[in-house]
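Participant: Sending over a structure as structure tokens; questions will come in a sec.
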Amino acid sequence: MEVVRGFLCVLSMFVALVSDRFVVLAFFSQSLDSDFTFTLPAGRKECFYQTMKKDASLEIEYQVLDGAGLDVDFFISSPSGQVLFSDYHKSDGVHTVETEDGDYMFCFDNTFSSVSEKLIFFELILDNMETDEDPDDWKEYVHGTDILDMKLEDIMDTINNVKARLGKSLQIQTVLRAFEARDRNLQESNFDRVNFWSVVNVIGMMLISAVQVYLVRSLFEDKRKIRT
């Protein structure tokens, strides 16, 4: 009997851990954070929509990675059409909105520029968004957890804590990559500008030197005609 009881305990532990692993994998697959990079042509405005629920949180962070001036106009509107935040001629910004049910609209406006297009990166972070599936339903299929020294609830809390920290790390790395891309584009633009004006200065110096040589030689030339 002791052998059978021990075998049943080990089997129940294995079933609990396997079912917990599958539920954790399904839980990890539901990501509510996203980031995008797009090109905004000159004289154009692009708008995006995000459906939100009541008592949730919408955080948007944007950066202008490339384009003359590195600036853009930006605003967020509520489902009722009220403008919640607006930025004018800014290169980056972060806004957080406590939401209600409906579609939120956020727009990037480049109509003030008639020549330069802009490369824009933005990231959406959605918090407190309820999902249709209850994450606690997996507990109904778990048996024999009372024999474990560490409860599966504690394991789940630890995994969720690690997941949250990994998500924050990924967000920070994405923002740092966006800053790096913007700085690189700015440096390449300055490099091309310095090379262009350096070539212009060299050509100007050569022309001025040629004119000076010609003027100095003309001062010593004797243009009088000598008759013998």
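The values are calculated or read from the model by the stated rules, or taken from the named source; none is laboratory data. As the structure is a prediction and not an experimental result, all values here were calculated from the model. Please note: Cβ atoms are built from the backbone with ideal geometry, for glycine as well, and neighbour counts cover all protein chains shown. The protein model used for the area step is the full one, side chains on, heavy atoms only, and it has no ligands, DNA or RNA in it. Shrake-Rupley method; radii C 1.70, N 1.55, O 1.52, S 1.80 Å.
Participant: List pairs: first residue in region 107-123 and in contact (Cβ under 8 Å) with a residue 24 or more places away in the chain and outside any loop (DSSP other than H, G, I, E, B), second residue surrounded by 19 or more Cβ atoms within 10 Å (Cβ to Cβ) and hydroxyl-bearing (Ser, Thr, Tyr) anywhere in the structure, Cβ distance under 8 angstrom, at least six positions apart or on different chains.
Facilitator: Short answer, once both residue conditions are applied: Phe108/Tyr62; Ile120/Tyr62; Phe121/Tyr62; Phe122/Tyr62; Glu123/Tyr62.
Participant: Name the residue that is farthest from Lys168 (Cα to Cα), counting only residues in region 30-47 that are of a type in the set (D, E, K, R) and modelled with pLDDT of 85 or more.
Facilitator: Here the answer is Arg44.
Participant: Residues that are open to solvent by less than 50 Å² (accessible area, probe 1.4 Å) and at pLDDT 75 or above: does region 130-152 have at least one?
Facilitator: no
Yes/no matrix, rows are residues, columns are (1) part of a strand (DSSP E or B); (2) farther than 12 Å from Glu123 by Cα; (3) modelled with pLDDT under 90; (4) open to solvent by less than 30 Å² (accessible area, probe 1.4 Å):
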residue	(1), (2), (3), (4)
Tyr49	yes, yes, no, no
Lys54	no, yes, yes, no
Glu59	yes, no, yes, no
Asp73	yes, yes, no, yes
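Participant: Applying the selection to region 49-73, what residues are touching a residue at least 60 places away in the same chain (Cβ under 8 Å) and closer than 17 Å to Leu84 by Cα?
Facilitator: Gln50, Met52, Lys53, Asp55, Ala56, Ser57, Leu58, Glu59, Ile60, Glu61, Tyr62
Participant: Additional query: Hey, among Arg165, Arg182, which residue is assigned to a helix (DSSP H, G or I), modelled with pLDDT under 80 and open to solvent by 100 Å² or more (accessible area, probe 1.4 Å)?
Facilitator: From the options Arg165, Arg182, the qualifying one is Arg165.
Participant: Looking for something β-branched (Val, Ile, Thr) and either under 25 Å from Leu170 (Cβ atoms) or assigned to a loop (DSSP other than H, G, I, E, B) (or both) - is there at least one such residue anywhere in region 83-93?
Facilitator: Checked region 83-93: no residue is β-branched (Val, Ile, Thr) and either under 25 Å from Leu170 (Cβ atoms) or assigned to a loop (DSSP other than H, G, I, E, B) (or both).
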